[in-house]
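Below is one structure, written out as structure tokens, with a few remarks after it.
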Amino acid sequence: MTQIRGVILDVDGTLVNSNDAQAHSWVEAMSKYGYAISFEQVRPLIGKGGDKLLPETIGISKDSEDGKKISQEQKKLFMTKYLPTLSAFPCARELLEHMHARGLKLAIATSAQPDELKGLLQVIGPDVQDLFKEETSAKDAKQSKPSPDIMHAALERLGYSPEQVIMVGDTPYDIESAAKVHVGTIALRSGGWGDRDLAGAIAIYNDTADLLTHYETSPLA
């Protein structure tokens, strides 16, 4: 069995309880510019970036005039209204520290913008960014998940072969994007998805605390 040497982690819904907040900020941003879309329509799309979410909800490109305005408003709402209210999932930092202490190289693969990512990591705890060897965000990918761009960038920066790396995520989009670069995914239910939706994962746990508790019997061990 190949030894696992690197872990690529999603952040929203995986390490930080932020998926609902992301959805609410998109709904409010679209509403400001005249698009009436419900939370229930947006919530299942969280995990994709605006390049996917806007065409699938209101039929416009992220690069269109309205798309740019909505994306900027969503980011502002998330950063100022919602980010200060967020919390990390139980034992998120402890899980990261445990993996780091085991000698695993950790990388982030997220659709968030770099400044959003910085804020989300601060939610987990001070200096948590130091635990990560590499960070890949929206600036590193032409297309968001489930396209493989972000995963490919993270894998390339880690410098390991796909069989030496595991993804930890919370959505079917994490699983799909990782599979496209031949990386297996440990899925967490904390993002709000059920086991049927996460069926492509190599293992499923409730959240970061559950994965840490069962670490020695997980694919990471």
Selected residue (criterion: nearest to Pro219 (Cα to Cα)) from residues of region 150-160 that are in contact (Cβ under 8 Å) with a residue 12 or more places away in the chain, part of a helix (DSSP H, G or I) and open to solvent by 10 Å² or more (accessible area, probe 1.4 Å)
Leu155
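Please specify each residue of region 188-206 satisfying the condition of being touching an Asp or Glu at 6+ places or on another chain (Cβ under 9 Å) and either over 18 Å from Leu155 (Cβ atoms) or among the basic types (Lys, Arg) (or both). Spell out how you get there, then give the answer.
We begin by selecting, within region 188-206, every residue touching an Asp or Glu at 6+ places or on another chain (Cβ under 9 Å); these are 188-193, 198, 200-201, 204.
Hits for region 188-206 are Leu188, Arg189, Ser190, Gly191, Gly192, Trp193, Leu198, Ile204.
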Based on this model, can you work out whether Asp197 counts as of a type outside the set (Ser, Thr, Tyr), part of a helix (DSSP H, G or I) and open to solvent by 40 Å² or more (accessible area, probe 1.4 Å)?
no
Could you please give the count of residues in region 25-56 that are open to solvent by 30 Å² or more (accessible area, probe 1.4 Å), touching a Leu at 6+ places or on another chain (Cβ under 8 Å) and in contact (Cβ under 8 Å) with a residue 12 or more places away in the chain?
2
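Between Leu83, Leu77, Leu106, which is over 20 Å from Thr14 (Cα atoms) and either more than 19 Å from the chain's Cα centre (by Cα) or surrounded by 15 or more Cβ atoms within 10 Å (Cβ to Cβ) (or both)? I'd like the intermediate steps shown before the answer.
Working: Leu83 fails: over 20 Å from Thr14 (Cα atoms); Leu106 fails: over 20 Å from Thr14 (Cα atoms).
Answer to the check: Leu77.
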Restricting to region 84-115, give me the number of residues that are modelled with pLDDT under 95 and not aliphatic (A, V, I, L, M).
5
Looking at Glu216, Glu176, Glu163, can you tell me which residue is within 21 Å of Leu53 (Cβ to Cβ), at pLDDT 95 or above and open to solvent by 30 Å² or more (accessible area, probe 1.4 Å)?
Glu176
Is it fair to say Leu121 is in contact (Cβ under 8 Å) with a residue 60 or more places away in the chain, part of a helix (DSSP H, G or I) and in contact with a strand residue (DSSP E or B) (Cβ under 7 Å, 6 or more places away or on another chain)?
no
Failed criterion for Leu95 (all others in (1) more than 19 Å from the chain's Cα centre (by Cα); (2) surrounded by 16 or more Cβ atoms within 10 Å (Cβ to Cβ); (3) touching a residue at least 40 places away in the same chain (Cβ under 8 Å) hold):
(1)
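Conditions (1) closer than 16 Å to Phe132 by Cα; (2) in contact with a helix residue (DSSP H, G or I) (Cβ under 6 Å, 6 or more places away or on another chain), marked per residue:
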{"site": "Gly67", "(1), (2)": "no, yes"}
{"site": "Thr85", "(1), (2)": "no, no"}
{"site": "Arg93", "(1), (2)": "yes, yes"}
{"site": "Leu96", "(1), (2)": "yes, yes"}
{"site": "Ala101", "(1), (2)": "yes, no"}
{"site": "Ala109", "(1), (2)": "yes, yes"}
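The values are calculated or read from the model by the stated rules, or taken from the named source; none is laboratory data. Note that this is a predicted model, so its numbers are computed, not measured. Ideal geometry is used to build each Cβ from the backbone, glycine not excepted, and the neighbour counts take in all protein chains shown. The accessibility values were calculated without ligands, DNA or RNA, using every heavy atom of the protein model including side chains. Shrake-Rupley method; radii C 1.70, N 1.55, O 1.52, S 1.80 Å.
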